2 protein chains.
Amino acid sequence: MASKKNNRKQHILEAAAQLFREKGYSATSMRDLAKAVDLKASSLYNHISGKEEILRDICFNNAKRFLEALRQVESGTSNPAGKVRALIRLHIQVATEDITSIMALNDEWRHLSEPHLSEFIAMRKEYELRFKAIIEQGIREGSFKAYDANIALYTIFSAMRWIYDWYRPGRSISIEQLEEEVAGLLLTGLNNNYSFEIS
Amino acid sequence: MASKKNNRKQHILEAAAQLFREKGYSATSMRDLAKAVDLKASSLYNHISGKEEILRDICFNNAKRFLEALRQVESGTSNPAGKVRALIRLHIQVATEDITSIMALNDEWRHLSEPHLSEFIAMRKEYELRFKAIIEQGIREGSFKAYDANIALYTIFSAMRWIYDWYRPGRSISIEQLEEEVAGLLLTGLNNNYSFEIS
């Protein structure tokens with residue numbers, strides 16, 4: 001019974017994420033959402049107190065998921081390149097498999113109210129700093145070039161955003177190919193030769 | 001006199017882009033804009049017919065600028081890597097020097113009305129296809145790895161988006177360093193060794 005309730009709730013969160021993506025958070029009403037999950041608005045309120053609760057659930061579920069995955073990567077034995085690659089794979093997997101993650105990774109979390117907004121920003125910041133520490137370790141050890149770690153971090157994060165706009169299951173490209181090529185592009189570069197001529 | 005009028009118009013477009021970035025296009029009123037440029041709302045209408053005209057001017061000015069720069073790069077003698085690098089530099093320069101470009105490159109252009117929306121989407125699509133043709137040429141010639149050209153294209157485009165959120169003149173990082181490192185990261189990869197171990 002509890003599990004059935006959880007499934008229903010997850011279904012509501014996914015439908016909400018889909019609507020927020022199409023119309024934006026502000027323009028989506030509880031009435032739109034009730035229609036999307038085939039419930040009367042009054043029944044929907046049995047599951048969820050309102051839009052803000054949905055946004056909060058989605059954002060914090062995803063923030064916890066990313067921090068937990070990061071903790072596992074950090075405690076593994078990979079070198080920094082292997083860790084960065086594992087995190088790129090994680091982002092792509094989540095982006096392609098769970099539409100609710102778009103809220104946490106892109107911009108809609110800005111609609112959270114306080115104190116949730118500050119709490120969420122702190123979790124995001126923690127994730128960024130710990131990801132950056134892995135890049136800094138690679139730079140220190142000489143396996144990464146001496147880039148500015150912020151530039152490397154934000155370029156990597158940002159490079160994965162388009163996947164939300166673009167990837168749909170059934171595209172000719174598999175998730176595995178996407179992971180392999182985006183990670184390859186970011187980690188070893190577009191160019192076949194390590195040094196290349198710009199003529 | 002014409003030039004003074006153009007300067008005033010450019011000033012209005014820049015102030016509008018700043019407001020759209022902070023509040024979003026939908027939430028920005030002509031009253032907000034008049035206040036930002038220190039004009040009475042009635043005087044503002046002497047310069048501009050309304051929000052939609054501003055959005056249109058900004059989007060098409062930028063689309064033309066990018067297509068013209070692309071044309072110059074295409075007709076140059078650089079190899080594909082040099083051309084991609086030149087385009088990455090162009091994106092970063094525009095992103096750091098002209099705040100109005102954010103509208104054309106990110107999402108606010110979606111607020112354009114027809115037929116302008118379709119016209120703008122066609123210009124964007126043309127830019128993407130011609131940029132992709134350069135990547136495909138590099139793949140064909142063997143100077144780029146045999147990635148899917150769409151994955152490479154969108155990863156590169158997307159990787160530059162964060163610069164709008166993050167870069168401010170006066171940051172410890174210069175535009176030159178930003179260009180050098182983002183282009184380096186995307187073109188030759190994060191890793192110091194072309195092949196690397198993932199342990």
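Points worth noting:
- Sorted shortest first, the distances from the residue B:6 label point to those of the same residue in the other copies are 6.5 nm; each point sits 7 Å from Cα along Cα-to-Cβ.
- Charge dipole of chain A (Cα centre as origin; +1 on each Lys and Arg Cβ, -1 on each Asp and Glu Cβ, all else neutral): 600 debye, rounded to the nearest 20.
- Going from the fewest other Cβ atoms within 10 Å to the most, the residues B:145, B:51, A:23 appear in the order A:23, B:145, B:51.
- Between identical copies, the spacing of residue A:26 label points, each set 7 Å from Cα toward the C-beta atom, reads 0.6 nm from nearest to farthest.
- Model label sites at residue B:53 and residue A:9, defined 7 Å from Cα along the beta-carbon direction, differ in position by 5.3 nm.
- By the count of other C-beta atoms within 10 Å, a proxy for reagent exposure, B:101, B:26, A:172 are ordered fewest to most as A:172, B:26, B:101.
- Mean separation of Cα contacts under 8 Å (6+ apart) over length of chain B, as relative contact order %: 23
- At least 18 Å along the helix axis (C-alpha) and Kyte average at least 0.0, DSSP helices within chain B: B:80-97, B:175-188
- Using Cβ point charges alone (K and R +1, D and E -1), the dipole size of the protein assembly as shown about the Cα centre works out to roughly 880 debye.
- Shape descriptor for chain B: Rg over Rh equals 1.03 (Cα atoms; Rh from the Kirkwood inverse mean 1/r).
- Considering only B:187, B:39, B:13, the Gaussian network model of chain B with Cα springs below 10 Å gives its largest mean-square fluctuation to B:39.
- Evaluated at q = 0.07, 0.08 Å⁻¹, a Debye calculation over the C-alpha positions of the protein assembly as shown (equal weights, vacuum) places log10 I(q)/I(0) at -0.37, -0.48.
- For the residue pairs B:83/B:145; B:23/B:64; A:23/A:125; B:23/B:51; B:9/B:40; A:64/A:132, the alpha carbons lie more than 24 Å apart in B:23/B:64; A:23/A:125.
- Each stretch of four or more DSSP H residues adds -39500 (n - 2.57); spread over every residue of the protein assembly as shown, this sum gives -22500 deg cm²/dmol at 222 nm.
- Other-copy label distances relative to residue B:41, 7 angstrom Cα-Cβ extension, nm: 3.0
- Taking all C-alpha pairs of the stretch B:1-48, those more than 17 Å from each other amount to 29 percent.
- For the stretch A:87-176, the fraction of alpha-carbon pairs lying more than 20 Å apart is 46 percent, rounded to a whole number.
Values quoted throughout were computed directly from the atomic coordinates according to the rules given, and no laboratory measurement underlies them. Computed from a prediction, not measured in an experiment: that's the story for all the values here. Using ideal geometry, Cβ is built from the backbone for each residue, glycine included, and neighbour counts are taken over all protein chains shown.
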